[in-house]
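In what follows, a structure is listed as structure tokens, so that the remarks can point back to it.
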Amino acid sequence: MKRTILSLGVLLLATTLTYAQANISPTKPQSKPVVITGATIHVGNGQVINNGYIAFDKGKITGIGEGTAPVTAGSEVINAAGKQIYPGFIAPMTTLGLIEVEEGARGTVDDAETGDLNPHVRSLVAYNTDSKVIPTVRSNGILLAQPTPNGGIISGESSVVQLDAWNWEDAAYKKDIAIHLNWPVAVESGRGRRAFVAPGVVQETPAQRAQKTVDNITRLFEQAKSYAEITKPEVKNIRLEAMRGLFNGTKKLFIIADGAKEIIQAVNFAKRFGVSAVIVGGKESFLVMDLLKENNVPVIIRETQALPDRDEDDVYLPYKLPKLLQDGGVLYGLTGIGFWRQRNLPFEAGEAVGYGLTKEQALSMITMNNAKILGIDKTTGTLETGKDANLFISAGDALDMIGIDVEIAFIQGRSINLDNLHKQLYKKFSDKYGLKP
């Protein structure tokens, strides 16, 4: 009975959210040139332009610089004196748009498939553009994301989406860029009850189970590499077909690995098969920076606002990790946790400023660096002529929880709606109690 009541409650909640945000629709393509003047512009590559201007038309940046802006007839001019302009933040490795309600509503969770080896599963087609979480995330300047599948050994493949779209086809920014592999860990967690083992039965150790998994992954990749050498196979294998991009350079292998030993194994595995790898997590990546740099393997860090895994580690290690990788010459990016917590991504980046990074390096971590790792840096990640106009204006420091105040945001030149359920509820109850919103 409790489950029935909970399910009904979730249904009513979903219906309420749908009606509450029915007016938040994707915007139409840019119809006239836009020029923003008088702002402090953070380019995303470390450069800062004071009293600058940025102009864009038909979704592309047409000019950026310091001083007086050249304004063509019919342009919309936005005075942003005293404000900050940033490139749109990019959230990699997220379940945004794949999960709506974590607990008690399985019908809103679509981030994993059954089975262990699913390289052919595309998260893009499961991406829900009507998610009520998306507007809350982009209100903090996050304009692009990489909805990523979870579960199993090979979870599936991911794409990059822009966060203002009618459906997944409209949202697709760059399709099928990566396949995701969970590298096995040869360590027993020690949690939970031990399984019953019959007398005389030899139980596998965690190391043996991990090695068996590695052997299975290796066999699959050997098959996939041989398959990729056949231009037109007589019979298509959808799993192996999905992995073809790993061997022709159109896809990267995102490997989830935290320990130094696992990272070394993962890098050597990718090197053996000649595929481009990205380490995700990388809690001990600072211990193997020479290996990562030598093999041109970047790292996507999972949040900075956390405690280390081991008691003997420096309690501030998660905060210091970006600076350690910066000094080690390793390309690194940052993601948050899950889906709704992605709205904290800029504050996770800002946390690293107190532990060695400059503000512009922290900004690059979630703009230029993430764009490079995702392979979209030719069109976004920095504010440069010819790139997509993915940017926003904030009244204050966008990496600071108190200072951030996103007033206007543009995705490919379109001024997007920044309303969301949180703002609506705030206004509703401010009105009720006669408070100023």
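Taking θ = phi - 60°, what integer Hz values does the Karplus form 6.51 cos²θ - 1.76 cosθ + 1.60 yield along the range 54-66, in sequence order, with x for Gly and Pro?
Once rounded to whole Hz, the list reads 9, 10, 8, 8, 6, x, 10, 6, 9, x, 7, x, 9.
If I model the chain as equal point scatterers sitting on the Cα atoms and use the Debye formula, what is log10 I(q)/I(0) at q = 0.07, 0.08, 0.09 Å⁻¹?
Per q value, in the given order, log10 I(q)/I(0) is -0.38, -0.49, -0.62.
If we count chymotrypsin sites (Phe, Trp or Tyr not before Pro) as exposed when they sit in a DSSP loop and have at most 14 other beta carbons within 10 Å, what is the longest stretch of the chain that avoids them all? Don't jump to the answer; show the numbers that get you there.
Working: sites that count: Trp166, Phe196, Tyr316, Tyr433.
Between exposed loop sites, the widest span is 1-165.
So if a site counts as exposed when it's one of the trypsin sites (Lys or Arg not before Pro), its DSSP state isn't H, G, I, E or B, and it has at most 14 other Cβ atoms within 10 Å, what's the longest stretch of the chain without one? Display every interim value, and only then the final one.
Working: sites that count: Lys58, Arg191, Arg193, Arg194, Lys236, Arg310, Lys378.
The answer is 59-190.
Given a cut-off of under 8 Å on Cα pairs at least six residues apart, what relative contact order in percent is computed for the chain?
On the way: 941 pairs, mean separation 84.3, N = 437.
Once divided by the residue count of the chain, the mean separation gives 19 percent.
If you average the alpha carbon positions of the range 108-132 and of the range 230-301, how far apart do those two centres end up, in angstrom?
Answer, in whole Å: 21.
Counting each DSSP H run of 4 or more residues in the chain as -39500 (n - 2.57), what helix-only mean residue ellipticity at 222 nm follows after dividing by all residues, to the nearest 500 deg cm²/dmol? Intermediate results must be reported in sequence, preceding the final value.
Numbers: 12 runs with 127 residues, N = 437.
Only helices count here, giving -8500 deg cm²/dmol.
Using alpha carbons only, how many degrees (0 to 90, rounded to 10) separate the axis of helix 317-328 from the longest principal axis of the chain?
Once rounded, one gets 90 degrees.
Please report, in whole Å, how far the alpha carbons of the range 46-86 spread along each principal axis, starting with the longest.
The Cα atoms of the range 46-86 stretch 29, 19, 14 Å along their principal axes.
Which of the GluC sites (Glu not before Pro) found in the range 356-434 are in a DSSP loop and have at most 11 neighbouring Cβ atoms, other than their own, within 10 Å? Working shown, then result.
Numbers: sites: Glu360, Glu384, Glu407; in loops: Glu384.
Sites meeting the loop and neighbour criteria: none at all.
Provide the three semi-axes, in whole Å and in decreasing order, of the ellipsoid equivalent to the range 225-317 as defined by the square roots of 5 times the Cα gyration tensor eigenvalues.
After scaling each eigenvalue by five and taking roots: 33, 13, 10 Å.
Given a Förster distance of 22 angstrom, what is the FRET efficiency for His422 paired with Lys28, based on the Cβ-Cβ distance and rounded to 0.05? Kindly include the intermediate steps, with their values, before the conclusion.
On the way: r = 25 Å, r/R0 = 1.14.
Efficiency computed from Cβ-Cβ geometry: 0.30.
Can you bin the range 254-399 into rounded, prolate or oblate? Criterion: square roots of the alpha carbon gyration tensor eigenvalues sorted a ≥ b ≥ c, rounded for a/c under 1.5, prolate for a/b above b/c, oblate for the rest. Mind dumping the intermediate values first?
Numbers: a/c = 1.97, a/b = 1.23, b/c = 1.60.
Taking the square roots of the gyration eigenvalues as a ≥ b ≥ c, the range 254-399 is oblate.
From the phi angles alone, apply the Karplus equation (6.51, -1.76, 1.60; θ = phi - 60°) to the range 292-301 and give each ³J(HN,Hα) in whole Hz, x where the residue is Gly or Pro.
Result, ordered by residue: 5, 5, 4, 9, 6, 9, x, 10, 9, 7 Hz.
For the chain, find the longest principal axis of its Cα atoms and tell me its angle to the long axis of helix 260-273, 0 to 90°, nearest 10.
The two axes meet at around 90 degrees.
So which GluC sites (Glu not before Pro) in the range 61-146 end up in coil per DSSP with only 14 or fewer other C-beta atoms within 10 Å? Working shown, then result.
On the way: sites: Glu66, Glu76, Glu100, Glu102, Glu103, Glu113; in loops: Glu100, Glu102, Glu103, Glu113.
For GluC sites (Glu not before Pro) across the range 61-146 that sit outside H, G, I, E and B with at most 14 neighbouring Cβ atoms in 10 Å, the list reads Glu102, Glu103.
If you average the alpha carbon positions of the range 51-76 and of the range 309-370, how far apart do those two centres end up, in angstrom?
Taking the Cα centre of the range 309-370 as reference, the centre of the range 51-76 is 32 Å away.
Throughout, read-outs are computed from the coordinates displayed, never taken from laboratory work. It should be emphasised that the depicted structure is a prediction, and the values quoted were computed from it without experimental measurement. All Cβ positions, glycine included, derive from the backbone under ideal geometry; neighbour counts span all protein chains shown.
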